[in-house]
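Enquirer: Handing you this structure, nothing more for now.
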Amino acid sequence: MRIYTTSMCLLLCTITLFQCSKPIRTTGKIERLDPQLDEVISNHAQIEIIAEGFEWSEGPLWIEENKMLLFSDVPKNTIYKWTEESGTSVYLTPSGFTGSKTESKESGSNGLLLDDEGNLVLCQHGDRRLAMMLASLEDPKPEFTSIAEEYDGKRFNSPNDAAFKNYEFYFTDPPYGLARQAEDPEREIPFQGVYKVNAEGKVTLLIDSLTRPNGIAFTPDGNLLVANSDPDKARWYLYQLNDSTVQSGKIFYDATHLVGTVNGLPDGLKIDSRGYIFATGPGGVFIFNPSGTIIGMIKLDAATSNCALSSDEKTLFVTNDMYVLRIHLRD
């Protein structure tokens with residue numbers, strides 16, 4: 001029988017932990033602009049790199065039941081899965097273009113979300129539609145049915161991001177998935193719209209005045225926040241809705257002055273149940289309080305595309321160009 005002293009046991013435990021645990025790689029920094037940020041992000045929070053090597057990561061979605069993060073690599077026409085135990089693996093391909101040939105450089109899925117029955121819903125750039133995967137989350141297959149693919153008899157540009165509220169979908173439709181974007185000869189709608197699809201499949205145009213509508217989310221009081229990823233009008237807009245009508249709209253925040261000084265544009269965003277807003281934009285992730293004041297920044301060098309909250313809202317996942325990041329916001 002081998003006998004170990006206390007000091008030897010401590011040494012062996014230390015060696016075992018060192019061999020088994022993976023070093024955490026971090027990036028960027030958290031800039032605290034207001035003491036209120038302490039209610040959102042703890043002082044010891046780190047920005048962890050949990051996956052990398054993608055062409056353009058987008059559309060993160062946390063699936064609590066499966067303890068997995070799904071996200072799109074738009075140019076690769078692929079959705080990936082990440083779990084704490086197994087890391088990253090291919091989840092679904094093709095994800096956004098199911099045809100045989102395309103000249104689009106961004107043909108894959110973009111924004112991802114779940115409907116009220118837990119089905120995976122995809123903004124499909126290449127197929128130019130909002131679609132639902134017909135297979136289960138546990139056994140994904142590239143089999144889809146259209147939720148919406150045209151407005152007034154004309155095909156959408158390339159649905160980009162979406163939100164779900166009261167059994168209705170709301171989504172943005174910029175031209176990024178078209179091969180020549182706004183100049184593409186296959187473009188059928190002359191504007192970039194924000195739309196609603198009701199439970200019966202009726203498509204209603206809500207907004208046609210934005211130059212590049214992108215990220216979209218609802219505040220707890222029912223207002224609609226939309227990002228505009230135009231370098232000349234790098235803004236977020238806030239709209240008050242009454243069913244299918246926009247009652248009022250205003251500029252929520254204008255970040256145009258930052259364009260060119262840092263990477264990124266207003267893109268995907270998420271809003272927690274308390275009304276705090278996590279909005280990807282020039283320089284990283286803007287954190288607004290419910291009143292619209294910037295209380296902090298998650299500053300990142302690479303362009304940031306989108307973010308997702310865990311079900312308990314204690315963890316934020318961020319798609320950051322070739323990286324996927326995780327921030328444990330609070331205990």
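Enquirer: With a sphere of radius 13 Å drawn around the Cβ of LYS105, what net charge do the other residues whose Cβ falls strictly inside it have (Lys, Arg +1; Asp, Glu -1)?
Expert: -3
Enquirer: Next question, about the same structure. From the cross-link list LYS141/LYS299; LYS67/LYS165; LYS250/LYS270; LYS67/LYS196, which pairs have alpha carbons spaced over 28 Å apart?
Expert: Table pairs above 28 Å Cα-Cα are LYS141/LYS299; LYS67/LYS196.
Enquirer: Is the range 250-326 rounded, prolate or oblate when judged by the Cα gyration tensor, a ≥ b ≥ c being the square roots of its eigenvalues, rounded requiring a/c under 1.5 and prolate requiring a/b larger than b/c?
Expert: It comes out oblate by the Cα gyration axes.
Enquirer: I would also like to ask the following. If I model a spin label as a point 7 Å beyond the Cα along the Cα-Cβ vector, how far apart are those points for GLU55 and ASP34 in nm?
Expert: That separation, rounded to one decimal, is 4.0 nm.
Enquirer: So what is the calculated 222 nm ellipticity per residue for the chain, using -39500 (n - 2.57) for each DSSP H run with n of 4 or more, over all residues, to the nearest 500 deg cm²/dmol?
Expert: Only helices count here, giving -1500 deg cm²/dmol.
Enquirer: A follow-up question, please. Enumerate the calculated ³J(HN,Hα) couplings along the range 255-260 in order (Karplus 6.51 cos²θ - 1.76 cosθ + 1.60, θ = phi - 60°), each rounded to whole Hz, writing x wherever the residue is Gly or Pro.
Expert: 10, 4, 5, 8, 4, x
Enquirer: Also, quick follow-up: Compute the Rg to Rh ratio over the range 32-120 from the alpha carbon atoms, using the Kirkwood formula for Rh, and round to two decimal places.
Expert: When Rh is taken as the Kirkwood radius, the ratio is 1.08.
Enquirer: When a/c reaches 1.5 or more, the comparison of a/b and b/c decides; with that in mind, is the range 54-208 rounded, prolate or oblate per its Cα gyration tensor?
Expert: oblate
Enquirer: How much length is gained on full extension from GLU64 to PHE191, taking 0.36 nm per residue of separation minus their Cα-Cα distance?
Expert: Going from the current span to full extension adds 42.1 nm.
Enquirer: Assign one of three labels to the chain, namely rounded, prolate or oblate, based on the Cα gyration tensor with a ≥ b ≥ c the square roots of its eigenvalues; rounded applies when a/c is under 1.5, prolate when it is not and a/b is larger than b/c, and oblate otherwise.
Expert: prolate
Enquirer: Does a label point 7 Å from the Cα of LYS299, set along Cα-to-beta-carbon, have any residues of the range 21-50 with amide nitrogen under 12 Å, and which are they?
Expert: Counting only backbone N, you get 28-33.
Enquirer: Still on this model: Using alpha carbons only, how many degrees (0 to 90, rounded to 10) separate the axis of helix 6-20 from the longest principal axis of the chain?
Expert: With both axes taken from Cα atoms, the answer is about 20 degrees.
Enquirer: Still on this model: Can you compute the modelled spin-label distance between ASP115 and ALA135, with each label point 7 Å from Cα toward Cβ, in nm?
Expert: 1.8 nm
Enquirer: How big is D, in µm² s⁻¹, for the range 131-241 by Stokes-Einstein at 37 °C and 0.692 mPa s if Rh is the Kirkwood radius over C-alpha pairs?
Expert: Diffusion coefficient, whole number: 221 µm²/s.
Enquirer: Between ARG274 and ALA199, what is 0.36 nm times their sequence separation minus the Cα-Cα distance? Round to one decimal in nm.
Expert: Stretched out fully, the ARG274 to ALA199 stretch lengthens by 24.3 nm.
Enquirer: Taking loop as defined by DSSP and a crowding limit of 15 other beta carbons within 10 Å, which chymotrypsin sites (Phe, Trp or Tyr not before Pro) in the range 122-181 fit?
Expert: TYR167
Enquirer: Still on this structure, I have one more. I'd like to compare 63-74, 187-198: which one has the highest average count of other Cβ atoms within 10 Å, and what's the full order after that?
Expert: Sorting 63-74, 187-198 by mean packing, highest first, produces 63-74, 187-198.
Enquirer: Would you tally the net charge around ARG235, using a Cβ to Cβ cut-off of less than 13 Å, leaving ARG235 out, and scoring K and R as +1, D and E as -1?
Expert: -1
Enquirer: Would you kindly derive the ³J(HN,Hα) couplings of the range 146-159 from the backbone phi angles with the Karplus curve 6.51 cos²θ - 1.76 cosθ + 1.60 (θ = phi - 60°), listing them in order in whole Hz, with x for Gly and Pro?
Expert: Ordered by residue, 3J(HN,Hα) equals 6, 8, 7, 9, 7, 10, 6, x, 10, 5, 5, 5, 6, x Hz.
Enquirer: Through the Karplus equation 6.51 cos²θ - 1.76 cosθ + 1.60, θ set to phi - 60°, convert the phi angles of the range 119-126 into ³J(HN,Hα) values in whole Hz; use x for Gly and Pro.
Expert: Once rounded to whole Hz, the list reads 7, 7, 10, 10, 8, 9, 4, x.
Enquirer: Still on this structure, please answer the following. Mind jotting down the distance between the C-alpha centroids of the range 150-189 and the range 101-147, whole Å?
Expert: Between the Cα centres of the range 101-147 and the range 150-189 lies a distance of 14 Å.
Enquirer: Next question. Measure off 7 Å from each Cα along the Cα-to-Cβ vector at ASP184 and SER100, then give the distance between these two points in nanometres to one decimal.
Expert: The modelled label-to-label distance comes out at 2.0 nm.
Enquirer: Taking K and R as +1 and D and E as -1, what net charge do the other residues with C-beta under 14 Å from the C-beta of ALA199 add up to?
Expert: Once positives and negatives cancel, what remains is -3.
Just so you know, all these numbers are worked out from the coordinates, no wet-lab data involved. The model shown is predicted, which means the values in this text are computed figures rather than measured ones. Here the Cβ is made from the backbone with ideal geometry for all residues, glycine too, and neighbour counts use every protein chain on show.
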